[in-house]
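The values are calculated or read from the model by the stated rules, or taken from the named source; none is laboratory data. The model shown is predicted, which means the values in this text are computed figures rather than measured ones. Please note: Cβ atoms are built from the backbone with ideal geometry, for glycine as well, and neighbour counts cover all protein chains shown. Ligands, DNA and RNA are stripped out before the accessible areas are found, and what is left, the full protein with its side chains, is counted by its heavy atoms. Shrake-Rupley method; radii C 1.70, N 1.55, O 1.52, S 1.80 Å.
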Amino acid sequence: MKVYITTAILTIVLLLGAIGYKQQFWQTATLPVDDEQQGLNKQIVINFSHVVAEDTPKGRTAIKFAELLEQKTNGRIHVIIYPNGMLYNDDNELKALQNGDVQMIAPTFSKMTKVIPSWQVLDLPYLFHTDEDVKKILDGRVGEQLLNQLNHANIKGLAFWNNGFKQMISEKKPLVRLEDFQNLKVRAMPSNVLQSQFEILGASSITTSFDELYSEIENHEIDAQENTISNIYSKGFYKVQNHITLSNHGLLGYAVLMNEDFWNSLSPELQEDVTEAMSEATEWNFKTAKKMNKVDLEKLEKEPNIDISPLSVAEQKRWEQKFQPLYTSYKDEIGSVFLKEIQSEMSY
Ligand code: LMR
């Protein structure tokens, strides 16, 4: 009996040993070393959140920046883009950036004016007249000074990107004369200048975040809004508002922002790569934004039931005059330093 039990135990031990050897249970060796796995450990991820579609000037430039940065750093930095407000919307993306929940966002500069009031200068209607002037200011010396204002907010400002000139779009009637705005409910981004711009015309301004805008228009809570052709096309606003006025009255651009602690955690070499990739992407952005707005306007012109009206030269003069008090209030409230700088660099 004893012999029988001992043989059985020995057999079980031998069997377990054989299985263990086959499965390499006893080996203390670490996982096979391979370069890709080492690379993954060291990879730095930038989560970049924004509120518009991928096929827009901002969406495409974000992708371009991601590609350039990954190339420059040989994959060391990987940028993951979250478009369409899928992570954060207008109301919470800045907090998310400051908390480090994402590393990059690119809100319109208008949406940053509560934090940086001097940026309202960029919202003044008819301040810019040509794409060349926009580029000169946003991508030049004045743009750099404006970005430096972010130092007070613990945010690293990387660049300004452009979308283009804003047009008016409305549901019930075309807005071709100043008087057409009387008593309308017009959506404005959260900027005092933009809100006053509509109030001065006898309309009431309503602040709505971009992700809620379409449904508020559908529910007739908003009669009209200002936006670029590329946003009007990509977001399908023309399906619920079919009168477009080519007023080119204001600029829509973005401040490209990075969490400051994240920026400081990058080595000087990686910071240099980010700066270079951003500068190349920004150059590309100005050309792409112009092309996209042109192509999207051509597509809108082909849509049935859309009424697109240009603003006559005489009417534009009236609009410009009507908006003059906004310049005075801006100067009274903020000062005239940036306004003077911008006007002195313009080609007109
Ligand atoms: C809007 O809110 O209308 C736009 O600014 C959205 C965007 O980021 O282009």
Is it the case that some residue within region 174-186 is under 23 Å from MET112 (Cβ atoms) and buried (at least 23 other Cβ atoms within 10 Å of the Cβ)?
yes
Any residue in region 137-149 that is in contact (Cβ under 8 Å) with a residue 12 or more places away in the chain sitting within a Cβ distance under 8 Å of a residue that is open to solvent by 50 Å² or more (accessible area, probe 1.4 Å) and not hydroxyl-bearing (Ser, Thr, Tyr)? List the pairs, counting only those 6 or more apart or interchain.
ASP139/GLU283
Cβ-Cβ below 6 Å, separation at least six or inter-chain, first residue in region 65-84 and within 23 Å of LYS235 (Cβ to Cβ), second open to solvent by 50 Å² or more (accessible area, probe 1.4 Å) and at pLDDT 95 or above: which pairs?
PRO83/GLU54
Taking region 214-231 and keeping only residues that are within 12 Å of the ligand (Cβ to nearest atom) and either over 19 Å from LYS173 (Cα atoms) or of a type in the set (S, T, N, Q) (or both), one is left with GLN225, ASN227, THR228, SER230, ASN231
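Considering every residue within region 155-165, establish whether at least one is assigned to a helix (DSSP H, G or I), of a type outside the set (Asp, Glu), at negative phi and open to solvent by 10 Å² or more (accessible area, probe 1.4 Å).
No, the conditions are met nowhere in region 155-165.
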Residue match in region 261-282 (condition: within 16 Å of the ligand (Cβ to nearest atom) and crowded, with 23+ Cβ neighbours inside 10 Å)
no
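Among the listed residues GLN324, GLN316, which satisfies the condition of being surrounded by 14 or more Cβ atoms within 10 Å (Cβ to Cβ), closer than 25 Å to SER191 by Cβ and either at pLDDT 95 or above or not hydrophobic (A, V, I, L, M, F, W, C) (or both)? Show your work before the answer.
Details: GLN324 fails: surrounded by 14 or more Cβ atoms within 10 Å (Cβ to Cβ).
Going through GLN324, GLN316 in turn, just one is surrounded by 14 or more Cβ atoms within 10 Å (Cβ to Cβ), closer than 25 Å to SER191 by Cβ and either at pLDDT 95 or above or not hydrophobic (A, V, I, L, M, F, W, C) (or both): GLN316.
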I'd like to check something: does region 287-303 contain any residue that is under 17 Å from the mean Cα position of the chain (by Cα) and either on the phi > 0 side of the Ramachandran plot or among the polar types (S, T, N, Q) (or both)?
yes
When region 93-110 is checked residue by residue, the ones that are within 14 Å of the ligand (Cβ to nearest atom), part of a helix (DSSP H, G or I) and within 15 Å of PHE262 (Cα to Cα) are LEU94
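If you check THR113 against the conditions, is it among the β-branched types (Val, Ile, Thr) and more than 15 Å from the ligand (Cβ to nearest atom)? Walk me through how you get there before you give the answer.
On the way: among the β-branched types (Val, Ile, Thr): yes; more than 15 Å from the ligand (Cβ to nearest atom): no.
Considered against the rule, which asks whether it is among the β-branched types (Val, Ile, Thr) and more than 15 Å from the ligand (Cβ to nearest atom), THR113 comes out as no.
For region 187-213, which positions are open to solvent by less than 20 Å² (accessible area, probe 1.4 Å), touching a residue at least 40 places away in the same chain (Cβ under 8 Å) and within 13 Å of the ligand (Cβ to nearest atom)?
Initial filter on region 187-213 (open to solvent by less than 20 Å² (accessible area, probe 1.4 Å)): 187-189, 191, 193-194, 197-198, 201, 203, 208-210, 213.
With the extra rule that they be touching a residue at least 40 places away in the same chain (Cβ under 8 Å), the set shrinks to 189, 191, 193-194, 197, 201, 209-210.
MET189, SER191, LEU194, SER209, PHE210 - these are the residues of region 187-213 that are open to solvent by less than 20 Å² (accessible area, probe 1.4 Å), touching a residue at least 40 places away in the same chain (Cβ under 8 Å) and within 13 Å of the ligand (Cβ to nearest atom).
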